[in-house]
1. Within the stretch 38-57, count every residue that is in contact (Cβ under 8 Å) with a residue 24 or more places away in the chain and in contact with a strand residue (DSSP E or B) (Cβ under 8 Å, 6 or more places away or on another chain).
2. Just for the stretch 2-11: of the residues that are out of contact with any strand residue (DSSP E or B) (no Cβ under 7 Å at 6 or more places or on another chain) and part of a loop (DSSP other than H, G, I, E, B), which one is surrounded by the fewest Cβ atoms within 10 Å (Cβ to Cβ)?
3. Are there any pairs with C-beta distances below 7 angstrom linking a residue in the stretch 8-37 that is without any contact (Cβ under 8 Å) to a residue 24 or more places away in the chain to a residue that is outside any loop (DSSP other than H, G, I, E, B), with the two at least 6 apart or on different chains, and if so which?
4. Criterion first (touching a strand residue (DSSP E or B) at 6+ places or on another chain (Cβ under 7 Å) and either modelled with pLDDT of 90 or more or in a loop (DSSP other than H, G, I, E, B) (or both)) does residue 30 satisfy it?
5. Working only within the stretch 12-70, note down all residues that are surrounded by 11 or more Cβ atoms within 10 Å (Cβ to Cβ), under 16 Å from residue 2 (Cα atoms) and more than 11 Å from the chain's Cα centre (by Cα).
């Protein structure tokens with residue numbers, strides 16, 4: 001299993017397919033090295049659509065717990 005994280009494109013270069021291309025290459029490399037599953041958490045619905053174009057599908061809801069610091 002692998003997790004894809006930290007994919008970002010600076011605003012001036014968005015909507016050119018850069019995030020899609022980088023994610024595709026990273027996932028292909030992970031599968032070539034034996035991963036059976038790739039997961040990620042999209043930052044928002046727009047980012048989610050980018051990942052859906054290359055084969056990712058909504059699968060689960062993630063919950064997180066943060067311990068407040070005093």
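1. Number satisfying all stated conditions: 3.
2. The qualifying residue surrounded by the fewest Cβ atoms within 10 Å (Cβ to Cβ) is 6.
3. 9/18; 9/19
4. yes
5. Matches in the stretch 12-70: 28, 29, 30, 31, 35.
The values are calculated or read from the model by the stated rules, or taken from the named source; none is laboratory data. Computed from a predicted model, the values in this text were never measured in an experiment. Every residue, glycine among them, receives a Cβ derived from its backbone with ideal geometry; neighbour counts consider all protein chains shown.
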